[in-house]
């Protein structure tokens, strides 16, 4: 994705399809605060720590005062971000992948603090969606600019009262089964290759149970579904051409066909850019979504997120995110 200059408060972002642009409303967020908290997962490894240190050097070199907080467990980023927002920190940065971003966003939900991103993950889908540079040092330059836009996260609600905020997508079915069984050490070692390996292992054993999908009261059926805020999936691959994370509502990709052969067809179509147009795939719009079925696995922003049933709607309040 490439970026055009901000014109009259708008930024034009070029999508993976050369003929497509997404326009987002942006604004200068007043004087950029010199102090910011950067939330980092030390389990990401030494190589990503070095990239973070390079970004810190740049920020300090231009007079900013970044503070780093390492996470100690899953969910810790939520607590760190929430505490920072309560202390009045104007910007909290997620240094990691989409899962870390979602946790920091969850901690900032309902506050006036802005979310910043240093992309240090495997897929970095949200960073690609927003047109952020892949290099953390270049992304740090974006943080220094202080330009923000509104982001409308989704909120998943479970029957037991739990809630889970997501910023990019929530998947149900086969892709979530892959995430549930994915080896974290393997992911750290070979990156995206771990997803391919686990996908091939999962195909012959996943049962592809039918799922009931309710979109604004309208019932549909599918073998798998992805409720997305953005256009991209698993990196730069196009899933929902008309989606925009800066708008309310969702695009819902329904994969109608079940079984190994169907999963292979969908998987082959994804890198070719033709998945949204292929037979057996429907991309529908909705503001409220229910996913129903017997213990069908769920994933949110690339992390395991329990099982169905789940109700999905908008988070109570939009949040600000730092953009190019």
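Taken together, the values in this text are just the output of simple stated rules run on the coordinates, not laboratory data. From a predicted model like this one, the values you see are computed outputs, not experimental measurements. With ideal geometry, Cβ positions are generated from the backbone for all residues, glycine too; neighbour counts draw on all protein chains shown.
Note on residue 141 and residue 256: the model spin-label points, each 7 Å out from Cα along the C-beta direction, lie 4.7 nm apart. Against the chain, whose longest principal axis is taken from its Cα atoms, helix 46-61 shows a tilt of about 40°.
Largest first, the three principal axis extents of the alpha carbons in region 155-315 are 38, 34, 30 Å in whole numbers. Considering only the Cα atoms of the chain, their convex hull presents on average a projected area of 15.5 nm².
Highest GNM mean-square fluctuation among 132, 59, 261, for the chain modelled with Cα contacts below 10 Å: 261. Computed over the chain with a Gaussian network model linking Cα atoms closer than 10 Å, the most mobile of 107, 131, 280 is 280. Taken as Cα centroids, region 211-228 and region 42-64 sit 42 Å apart, rounded to the nearest whole angstrom.
Comparing mean-square fluctuations of 153, 133, 207 from a GNM of the chain with C-alpha springs under 10 Å, the top value falls on 207.
Below 8 Å, C-alpha to C-alpha, sequence gap of six or more: please give me the relative contact order for region 155-315 in percent. In percent, rounded to a whole number, it is 30. If both residues of a DSSP beta bridge must be in the chain, then about 75% of such bridges are antiparallel. Expressed per residue, the C-alpha convex hull volume of region 31-145 stands at 90 Å³.
Volume per residue of the convex hull around the Cα atoms, evaluated for region 94-207, comes out as 122 Å³. For 165, 118, 270, the sequence from fewest to most other C-beta atoms within 10 Å is 270, 165, 118. Only DSSP H runs of four or more residues enter the estimate; each adds -39500 (n - 2.57), and after division by the residues of the chain the mean residue ellipticity at 222 nm equals -8500 deg cm²/dmol. With a Förster radius of 45 Å applied to the beta-carbon distance between residue 216 and residue 134, the computed FRET efficiency rounds to 0.80. Once C-alpha pairs closer than 8 Å and six or more residues apart are averaged by separation and normalised to the residue number of the chain, the relative contact order reads 20 percent.
With both labels modelled 7 Å from their Cα along Cα-to-Cβ, the residue 190 to residue 65 distance reads 4.7 nm. Helix 193-202 and the long axis of the chain differ in direction by around 20°, with both axes built from C-alpha atoms. Ordered by the count of other Cβ atoms within 10 Å of each Cβ, fewest first, 111, 106, 224, 183 give 183, 111, 106, 224.
Which whole-number percent gives the relative contact order of region 31-145, counting Cα pairs below 8 Å spaced six or more residues apart?
It comes to 30 percent, rounded to a whole number.
To the nearest ten degrees, helix 76-86 and the longest principal axis of the Cα atoms of the chain are 50 degrees apart. Inter-label distance, residue 247 to residue 112: 3.0 nm, where each label sits 7 Å from its Cα along the C-beta direction.
Centroid-to-centroid, using Cα positions, region 262-324 and region 102-116 are 21 Å apart.
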